[in-house]
Structures are given as structure tokens and as C-alpha cells.
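Worksheet for the structure shown next.
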Amino acid sequence: MKRGCLFSVSGAVCASTLAKNGISVTLFESARGPGGRMSQRREMTEDGRELHFDHGAPYFSVSNNPGVLRLICEWQSKGLVDEWNEKFATFDFASKQFLDIEQEGLDKKYVGVPGMNSICKSLCQEPGVESRFGVGVGKLEWSDNEDSWSLMGLNGESLGSFKGVVTSDKSTFSQRFTNVTGKTVPIDMGKFPEIPLKMTEIPVNPCFALMLAFEEPLTEIPIRAFSFKKSKVLHRAFCDSSKPGRSSNSECWVLHSTAEYAQDVIAQTGLQKPSSATLAKVAEELFQEFQSTKLGIPPAFFKKAHRWGSAFPAISIAEDEKCLWDAKKRLAVCGDFCVSPDVEGAIISGLAAAAKCSEGLCRL
């Protein structure tokens, strides 16, 4: 049986779990590679140096969910995941001091190795999973007569027929899809009463990420991962080079803006892909704020901004069910926006969607 999945870590976990249960899966991802917010950015400098940045989710932690813990152990055994043994803290802009320095080992933090996208890369290459990158889904249509789904690309081309669909893209049902692409929303919500109307407009917290590379380690910064207090511009900062499995040729950092700063920029420039001029201006403003910490930050030889327009959900819409499910049409919706806005929430939701799909498809 064929099942289509629209891709993210939640979708990848769902697809991998379905494949292990003997259900063949096709993953569709409009981006060039896997991961979504868990992707890793590869950049080349003018002098030919290759840099890598975890510009989305910098790490993840887990609670005591048995299903998630089993996956973490499996990923660790395959060398896909390792612990990031760094102390976290808060930097106070008013006092220019680090506060609330975390005790070592208090809360385990995990990273993908050698990049955050390693997990999704592995999952989408497992037997029974076919991955199609650079292929966006523009329309999904259900046929009662055929008892199946038809998927079409952004230009109307046929992507195949499937017995069920899982989507982890919250824009599938949202007007935001039209605002960004100029095309109609892929699924007509009026035909799916089992999917709550609140799915149509999930509020999000936008964010700009700034990727920085320095010739030498930033020795005046004693903490490698920290959030900011009393800054309207910066939310948090992470030293990618301090993570296990990363290159030490240059010191790479990723800064995340506050949602308020990103919202102000989007209000001025719109939801469409930001221009080079906008990203350059954002990069300069974020870097200036970083330098104003008085932590002895030198000029960076690489500096580039990226916008996450809708990657960080502001609410959870299915905390009890863990995913949304239309049993009659075998349509599942999973993602961190269902459970909690983090990697663990996405994994839990993907596992829940896989369980619903397996049960539904086994009845055919």
C-alpha cells in the first residue's frame, strides 16, 4: 500500500515507522534536502571555505516518553545523535552579565551528528521510504469512487495516487500558503469536518537566524549556549562549533532574533521571500546587537541571515490526541503544532500519526 507524507521531522518519524510496519511511503519535500527546522545550512565563503550551520533547531531534549526514548537510543546506537554537554545560561543586557548558569548534567540535550539534519536524512533513506526532494505539493484531492488520494505538484503535474496521506505542513490548510505562493490552499477544509477549523490558521512566531563564522574562538564568552534578557532584538545564541562531530576549522555561531523583531520586519516587507537587501540589513542589525554585549566579539568573516517565517508554532492544537485524524479518508496531520513547539513534540506527533495510519490501512 502506498502512502504519501509531506515532510518534516514529524513526517520523517511517521514515514519510518510506517515503513517498518510494511507500508510503503513516499515523502514529498519542496526543499532541496530533509529536515525542515532541523535542517543544516551549507555555505561556501568567497575563498572556498565550507561552513555548516544548524540554523533552525539548535538541539533537543526529551522527557520520559517511552516511544521517544526508544528512538533516541536507536539513533545513538547508529551514531546519528549525541549529547551536547554544555552549560546553558541567560545573558542580561542591562548588567552585561551571565545569569542562571545551568548545572552540568541537569537536563540532557541532544544534537544530530554531524548535523541536526542527520536524523531526517537517515529516516528518509530507510527501506520502504521513497523521498522526493524539490517537489512541492500544490493540491490534494480525495476520490470516494477510487477510495484514494490524488496529489498534484505546484504546477499541476500528477504526483501519484495514494491510499492515505500524512501532512506535517501546517500551511496545507492555511491561507498563508496562498499569501506565500500565490496559489490556492492545497486542501479544501470544507470537505474534512474531522479536521478542526483551528487548523486553518495556526498562529506562529517568526524568527530570523544569523549565521556567523569567526577566524578564532570567542574566548571572552564563557558560555556556548545562552538566551538573552532585556533585548528586543536577540532571543538566543549558540556556538555550533562546540557541538560533537562539528568542524573546528572556524568558530561558527547561530543567533536567533526575538519574535517581535521578526514580526516588525515582516510587517514592513511582507510574507514573500525576503530580498537580499532585507536579509543584509537584518544580518547587520542582529550582529550589532551581539557586539553590544561587550563580550569582545570581533568582526565575522562570514555573516548571513535566514528567515523562518512560520516554523515556530505559538499554540498546540491536539495535545490530547497528539495528531489529527480523519479515519474515513485516511488523512493524518502531525507536527510540533499538535503537541508542543519543539522536536520532542514533533516526534510524539509523528509516532501518533503512524499508529493511526497503520490501524486505518490494515483494515483495507
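Descriptive notes on the structure:
- Accessible surface, the chain, averaged per residue in Å² (probe 1.4 Å): 45 Å²
- Note on the chain: antiparallel DSSP beta bridges, both residues inside, total approximately 70 percent of the bridges counted.
- Of the solvent-accessible surface of the chain, computed with a 1.4 Å probe and all protein chains present, 47% belongs to carbon and sulfur.
- Principal-axis tilt of helix 9-20 within the chain, Cα atoms, nearest 10 degrees: 50 degrees
- Only protein heavy atoms count here; on that basis, with a 1.4 Å probe, residue 113 has an accessible area of about 30 Å².
- Most mobile of 32, 224, 132 in a GNM of the chain (Cα contacts under 10 Å): 32
- Proximity of backbone amide H atoms, modeled 1.01 Å from N, is registered between residue 234 and 258 at under 5 Å, excluding neighbours fewer than 5 places apart on the same chain.
- Angle in degrees between helix 66-77 and the longest Cα principal axis of the chain, rounded to the nearest 10: 60 degrees
- Here the Karplus curve 6.51 cos²θ - 1.76 cosθ + 1.60, taken at θ = phi - 60°, turns the phi angles of region 201-211 into couplings of 9, 7, x, 10, 10, x, 7, 9, 10, 10, 9 Hz, with x standing for Gly and Pro.
- Accessible surface ranking for 189, 44, 1.4 angstrom probe, highest first: 44, 189.
The values are calculated or read from the model by the stated rules, or taken from the named source; none is laboratory data. Only a predicted model underlies this, so the values are computations on that prediction, with no experimental measurement involved. All accessible areas refer to the heavy atoms of the entire protein, side chains included, with ligands and DNA or RNA removed. Shrake-Rupley method; radii C 1.70, N 1.55, O 1.52, S 1.80 Å.
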